[in-house]
Amino acid sequence: DGGITQSPKYLFRKEGQNVTLSCEQNLNHDAMYWYRQDPGQGLRLIYYSQIVNDFQKGDIAEGYSVSREKKESFPLTVTSAQKNPTAFYLCASSPLSYSNQPQHFGDGTRLSIL
Amino acid sequence: AQKITQTQPGMFVQEKEAVTLDCTYDTSDQSYGLFWYKQPSSGEMIFLIYQGSYDEQNATEGRYSLNFQKARKSANLVISASQLGDSAMYFCAMREGLRSNYQLIWGAGTKLIIKP
């Protein structure tokens with residue numbers, strides 16, 4: 001089945017530690033996105049990528065980094081510079097061809113501070 | 001100013017009743033799209049329905065329909081014959097412009113609880 005796989009489902013970060021969230025898609029979508037969701041809130045865009053080896057900052061990129069070495073993969077690193085990383089992280093993808101195409105989402109990763 | 005406003009933080013609805021979730025938007029673009037997503041307590045985001053700004057008919061997908069009033073800039077989601085499984089957060093989102101790589105702008109969501 002085509003879809004988006006995020007791992008791990010739960011992740012714990014120690015003080016001063018960088019952690020990486022995985023996102024893989026087999027939908028052959030060009031665009032990929034990372035969102036952060038705080039409890040009871042909507043989604044805020046962290047980074048997005050439209051093509052391999054290129055990505056753009058979203059609204060809340062500080063303290064995060066990404067890479068896009070393969071079309072299928074868009075990992076997110078939460079660095080120690082992100083002082084409040086506890087949140088639910090969602091990865092999404094979409095085609096670039098048609099504006100009416102929805103973004104498809106993974107099941108998310110819940111990140112907490114130890 | 002908020003681009004997507006969902007004025008109902010939470011709603012309780014009796015099972016089998018219809019429910020309307022409000023969404024108003026603000027854009028100066030002539031071409032835009034509106035999306036509704038459902039987020040159950042497990043966290044995944046499920047796409048429900050799409051309405052384009054040039055679509056003349058209101059979108060429908062099974063029990064979901066969109067009451068699109070362009071002049072009022074509203075795109076309310078209507079769920080007919082609600083079921084217990086409809087209990088979830090519901091988000092309205094907008095894409096401005098023609099190209100699909102434009103970002104989605106999200107509302108804060110409405111928490112819907114269906115009572116048996």
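Only the coordinates and a few stated rules stand behind these numbers; no lab work does. Because the structure is predicted, anything quoted here is derived from the model rather than measured. We place every Cβ from the backbone using ideal geometry, glycine too, and count neighbours over all the protein chains shown.
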Over the whole of B:26-39, what's the average partner chain Cβ count within 10 Å per residue? Rounded to a whole number, please. 2
Mean projection area, nm², convex hull over Cα of chain B: 7.1 nm²
Report the paramagnetic label zone for B:LYS111: residues of segment B:27-60 whose backbone N is under 15 Å from a point 7 Å from Cα along the Cα-to-Cβ axis. B:39-43
What's the average, rounded to a whole number, of partner chain beta-carbon atoms within 10 Å of each residue's beta-carbon in B:52-59? 1
Convex hull of chain A built on C-alpha atoms - directionally averaged projected area, nm²: 7.0 nm²
Within 10 Å of each Cβ in A:32-44, how many Cβ atoms from other chains are there, averaged over the peptide? 4
Rg to Rh ratio, the protein assembly as shown, alpha-carbon atoms and Kirkwood radius? 0.97
Spacing of the two label points (7 Å from each Cα toward its C-beta) at A:ASN26 and A:SER80, in nm: 3.8 nm
Over all pairs of different Cα atoms in segment A:45-95, the reciprocal of the mean inverse distance gives a Kirkwood radius in Å of 11.6 Å
Output the relative contact order of chain B, whole-number percent, from Cα pairs under 8 angstrom with separation of 6+ residues. 37 percent
Taking 0.36 nm per residue of sequence separation and subtracting the Cα-Cα distance, how much length would be gained by fully extending the chain between A:LYS14 and A:ASN100, in nm to one decimal? 26.9 nm
For B:SER31 and B:LYS16, calculate 0.36 nm times their separation in residues minus their Cα-Cα distance, and state this gained length in nm to one decimal. 1.8 nm
Residue-wise HN-Hα coupling along segment A:74-86, computed from phi with Karplus coefficients 6.51, -1.76, 1.60 (Hz; x: Gly, Pro): 8, x, 10, 9, 9, 8, 5, 6, 7, 7, 10, x, 5
Amide H to amide H under 5 Å from A:LEU21: which residues, 5+ apart in sequence or cross-chain, H placed 1.01 Å off N in plane? A:LEU76, A:THR77, A:VAL78
If you place +1 on the Cβ of every Lys and Arg, -1 on the Cβ of every Asp and Glu, and leave all else neutral, what size is the dipole of the protein assembly as shown about its Cα centre, to the nearest 20 Debye? 440 debye
Which lysines have a Cα less than 27 Å from the Cα of B:LYS115, not counting those fewer than 8 places away in the same chain? B:LYS16, B:LYS38
